[in-house]
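Readers should treat all values here as calculations from the given coordinates under stated rules, not as data from a laboratory. Only a predicted model underlies this, so the values are computations on that prediction, with no experimental measurement involved. Cβ sites come from the backbone with ideal geometry, for glycine too, and all protein chains shown count toward neighbours.
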Amino acid sequence: MMQPESHFDDSSIKNLIERMKGACIVEPESISETKKDSPMTSTSSGGTNSFYGLSSRKVEHTFHTNATQSSSALENSSFYQFTGSKMGYAIFIINSEFQSEKERQYAVKDRDNMITLFQQLGFEIKLLENKSKKELLQNLADIRNEIGIEHDCMACIISSHGFEKNTESNGRQHEICTKDSTVLTKDILNNFADDKCENLKGKPKMFFIQACRCLKDSPETSHYDYGFDIPSKHAKISCHYDEKSSMDQESVFQIPCSEDFLVMFTCSPGKSGMTDQRGGWLIHCLSCVFKTLLDSNYKEHFLQILTKVCGKMAQDLKVNCSSERLFHETKSAAVIYHMLTKDLYLKPKKFGCVMRQTSKKPTYV
C-alpha cells in the first residue's frame, strides 16, 4: 500500500528511489539529474509542492517523463552523443609483408602510434596484422558481430599498399593490398553499414587510410604531388586554369561514403601516399595533433581537428631525397570524405580521454 503523502521522509524517498532503480523504471543518471536539476515543484493539478510533498505515483510519473524526454533529446540532438558504457572499437589493419609487393618496414611505427593514441581514448583495439584476403574479411565480419549497442562509435586504421583501378562495370575502384591478394576498400567500409551492423546505426564510423591511390598502370610521373610554394601568408596566389588539361571529373575516384561515415585518405586520387622513418604521414600527423589535445580541456569540432592534421601534413612534411629527382620535395595532401549527419565533438570526459582511459592491451586477431 502506498504511504500517505504526509508520511514521506528522507528515508522513505531514498528507499523509493532505490526500488525504482532496481525495477529499471529509469536510468540512475536520470534520477540523479532530475533530483539535482529539477526541484519538481509542479503537480498535475497545477499546484506546487516540495519534492517531499509528491505522492509516490507522481514521483514515478515525473521520473518516467524525465527519462523519456532525455531519450528523445539524445535522438534529436545536433551532435553525436557518447553515453554508452563502452567507447568503441578501433580496428587496425596493418600490413607490412606481402607475397608480390615490397615490404613496408615502417608499418610497425603506424601500429605503435595508433595503439598509444586509441588506448588513451579508451577504445577496445583489435589488431589485424598481415592477414590474407580471406582471413581479413572473416575477421572483419566477426568483429562486426561483436560490436554491441553499448559501443558509441568505431574507428578503423588501414596501413598498407594500395592503388586505384579502372573497371568496365563499376568505374574506378580503390583496393587495399593484403598479404596474398587485394580487397576492395568499399567492401571494408560496407562491412559496417547500417544494414550489416545495426548496433552502429546512427553512430560515427571513422576510417583513416594510409595507402597509395596511384592509378594502376599509369606513368610514375603522375604519381607524385609537387605542391606549390607560398612566399608568405599575405601573398596573392594566381592560379591558371587550363580546361583542356584538367582531369575529367568522372575519371577522379570518389570513395562511396554512407551516412555517418568519415573516410580520410593520406593522399588525393591518383597520387602516392608517403611514409618514412616516422611511419605513414597521415598516421604520424594524426598522432602528433591528438597528442597536443589529450591533456587539455578542449571542445573542438572533429573536422576542425582533422583540418589541423591536413595542415600539418601540407606545411611540415615533404620528401627530402635529392638522389631521387622524380619525387624529391614532393608532398602528400590528405583528403576527407564524410557523410556525418551530426556534429562530432571531442570532449575529454565523454569521448574517453579522461573517464575511459584504459591500458588494456590490444587483441591480436
Practice task
Relative to the compact-globule scaling 2.2 N^0.38 Å, provide the ratio for the alpha-carbon radius of gyration of segment 78-174.
Solution key: 1.27
Handout entry: Relative packing of peptides 148-160, 185-197, 121-133 - highest average C-beta neighbours within 10 Å first
Key = 148-160, 121-133, 185-197
Problem - Peptides ranked, highest mean first, by Cβ atoms within 10 Å: ranges 262-270, 93-101 - result: 262-270, 93-101
Exercise for the section: Please sort 110-119, 213-222 by packing, taking for each peptide the average over its residues of neighbouring beta carbons within 10 angstrom, highest first. Expected result: 110-119, 213-222
Completion exercise
A chain fully extended from Ala314 to Glu101 at 0.36 nm per residue, minus the present Cα-Cα distance, gains in nm 73.9 nm
Handout entry: segment 106-232 - Rg (one decimal) and Dmax (whole number), Cα, Å
Key = 16.9, 52
Exercise for the section: Calculate the spin-label point distance for Lys196 paired with Ile149, positioning each point 7 Å from the Cα along the beta-carbon direction, and give it in nanometres. Expected result: 2.3 nm
